[in-house]
1. Each residue of region 68-74 in order: what ³J(HN,Hα) in whole Hz does its phi give by Karplus 6.51 cos²θ - 1.76 cosθ + 1.60, θ = phi - 60°, with x for Gly and Pro?
2. Loop only by DSSP, 16 or fewer other Cβ within 10 Å of the Cβ. Give me the GluC sites (Glu not before Pro) in region 16-125 that pass, ordered by residue number.
3. How much length is gained if the chain between residue 169 and residue 197 is pulled fully straight, taking 0.36 nm per residue apart and subtracting their Cα-Cα distance, in nm to one decimal?
4. Hey, can you grab everything whose amide H is under 5 Å from the amide H of residue 70? Only 5+ residues off in sequence or another chain; H modelled, so Pro and N-termini drop out.
5. From the backbone phi of region 106-112, what are the Karplus-calculated ³J(HN,Hα) couplings (6.51 cos²θ - 1.76 cosθ + 1.60, θ = phi - 60°) in whole Hz, Gly and Pro given as x?
6. Quick check: residue separation of residue 176 and residue 56 times 0.36 nm, minus the Cα distance between them. What number comes out in nm?
7. Run the quick spin-label model on residue 64 and residue 85: label points 7 Å from Cα toward the beta carbon, then report their separation in nm to one decimal.
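What follows is calculated from the coordinates using simple rules that are stated; it is not laboratory data. As the structure is a computational prediction, the values presented were derived from the model and not from experiment. Here the Cβ is made from the backbone with ideal geometry for all residues, glycine too, and neighbour counts use every protein chain on show.
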Amino acid sequence: MKIAITSTGPTLDDPVDPRFGRCAYFVIVKTNDMSFEAFDNESIALGSGAGIQSAQFVASKGVDAVITGNCGPKALQTLSATEIEVFAGQSGTVRQVIERYNRGDIKFTNTPNVTDHYGMETGADMNRGTRKGCGGGMGMGRGMGMGRGMSGSTWNVSGRSGATMLSNKERLKHLKDQANELRQQIEDLGSSMKPLE
């Protein structure tokens with residue numbers, strides 16, 4: 001299996017970059033032997049279309065799956081069209097997410113977890129701790145929200161079969177899955193911090 005992971009650096013021990021289209025690097029790992037290649041993301045500075053361009057790039061590398069922090073609707077649609085599975089909402093190091101993937105501890109994502117233009121905040125927005133188009137996520141005052149804030153009784157999402165509406169029961173399941181992923185991320189962050197203390 002060949003997997004592309006968004007990364008802040010070019011090694012297996014660098015943290016997962018929470019942005020898909022504007023990540024610093026794509027680290028492409030062969031899961032059978034953990035061999036990897038790292039590529040600078042040439043779409044990082046695009047004014048628009050970074051998610052689509054990044055999706056086309058990883059598809060050109062023949063990957064079977066993508067692991068990232070956040071994935072918007074256009075990138076997800078492009079990846080889904082090429083039958084690349086997406087595992088969003090992930091954090092930790094590249095090595096940690098591959099290990100979780102190999103254990104079957106992360107779940108396939110068929111809905112975007114951020115809106116268009118995630119990661120495009122301005123300096124003024126970052127100083128105020130807000131994010132353009134990211135929903136009411138966990139902002140932490142630096143424009144680093146998870147973009148999970150959605151309201152209303154149904155969610156309008158686009159997946160492999162186009163736009164669909166999620167019922168309250170499906171929405172609850174989706175939220176519970178996200179809560180479990182967040183718990184895992186907190187555990188991984190704790191494990192990463194222990195050696196530094």
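1. Once rounded to whole Hz, the list reads 8, x, 9, 9, x, x, 5.
2. Qualifying residues, ordered by number: 42, 83.
3. 5.9 nm
4. Here 19, 20, 89 satisfy the definition.
5. 10, 10, 4, 10, 10, 10, x
6. Additional length available on full extension: 40.1 nm.
7. Rounded to a tenth, the inter-label distance reads 0.8 nm.
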